[in-house]
1. Could you list, in sequence order, all residues of segment 30-60 that are part of a strand (DSSP E or B) and touching a residue at least 40 places away in the same chain (Cβ under 8 Å)?
2. Check VAL64 against each of (1) of a type in the set (Val, Ile, Thr); (2) loosely packed, with under 12 Cβ neighbours inside 10 Å; (3) part of a loop (DSSP other than H, G, I, E, B) and name the one condition it does not meet.
3. Taking the conditions exactly as written (assigned to a loop (DSSP other than H, G, I, E, B), surrounded by 10 or more Cβ atoms within 10 Å (Cβ to Cβ) and among the hydrophobic types (A, V, I, L, M, F, W, C)), does ALA2 satisfy them or not?
4. Whether any residue in segment 49-60 is small (Gly, Ala, Ser) and modelled with pLDDT under 95 is what I want to check.
5. For segment 8-29, name all the residues that are surrounded by 13 or more Cβ atoms within 10 Å (Cβ to Cβ) and not in a strand (DSSP E or B).
6. Limited to segment 32-65, what total is found for residues that are within 15 Å of MET3 (Cα to Cα) and in contact with a Leu (Cβ under 6 Å, 6 or more places away or on another chain)?
7. Give the residue, chosen from VAL42, VAL53, VAL15, that is touching a Lys or Arg at 6+ places or on another chain (Cβ under 7 Å) and of a type outside the set (D, E, K, R).
8. Does LEU34 satisfy being surrounded by 11 or more Cβ atoms within 10 Å (Cβ to Cβ), touching a Phe, Trp or Tyr at 6+ places or on another chain (Cβ under 8 Å), at pLDDT below 95 and not basic (Lys, Arg)?
Amino acid sequence: MAMTREELLALPVAVDVLTAGRAFDLGRNTTYDLVKADEFPVPVHIYAGVKRVITADLWRALGVTPST
């Protein structure tokens, strides 16, 4: 199930790829397949051996703008 706008806005600065995949309403296998093929909808970064997605990139890709 995809995340709500409120859930997206509550995310920390960076999230794991499964959380990012959930934001796009992708399942576990599809998420990992896209990451492995370097075709995930947003850039994936590796920090200390862990694949992460910057939340601001996720927001932009999904058209979510935090209100100020």
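1. ILE54
2. (2)
3. Numbers: assigned to a loop (DSSP other than H, G, I, E, B): yes; surrounded by 10 or more Cβ atoms within 10 Å (Cβ to Cβ): yes; among the hydrophobic types (A, V, I, L, M, F, W, C): yes.
For ALA2, the condition - assigned to a loop (DSSP other than H, G, I, E, B), surrounded by 10 or more Cβ atoms within 10 Å (Cβ to Cβ) and among the hydrophobic types (A, V, I, L, M, F, W, C) - is met.
4. Yes: one or more hits.
5. Correct list: LEU8, LEU9, LEU11, VAL17, LEU18, THR19, ALA20, GLY21, ARG22, ALA23, PHE24, LEU26.
6. Looking only at that region, the number is 2.
7. Within the list VAL42, VAL53, VAL15, the selection yields VAL15.
8. In short, no.
The values are calculated or read from the model by the stated rules, or taken from the named source; none is laboratory data. Small disclaimer: the values here were computed from a predicted structure and weren't measured. When we count neighbours, we look across all protein chains shown, and the Cβ atoms used for this are built from the backbone with ideal geometry, even at glycine.
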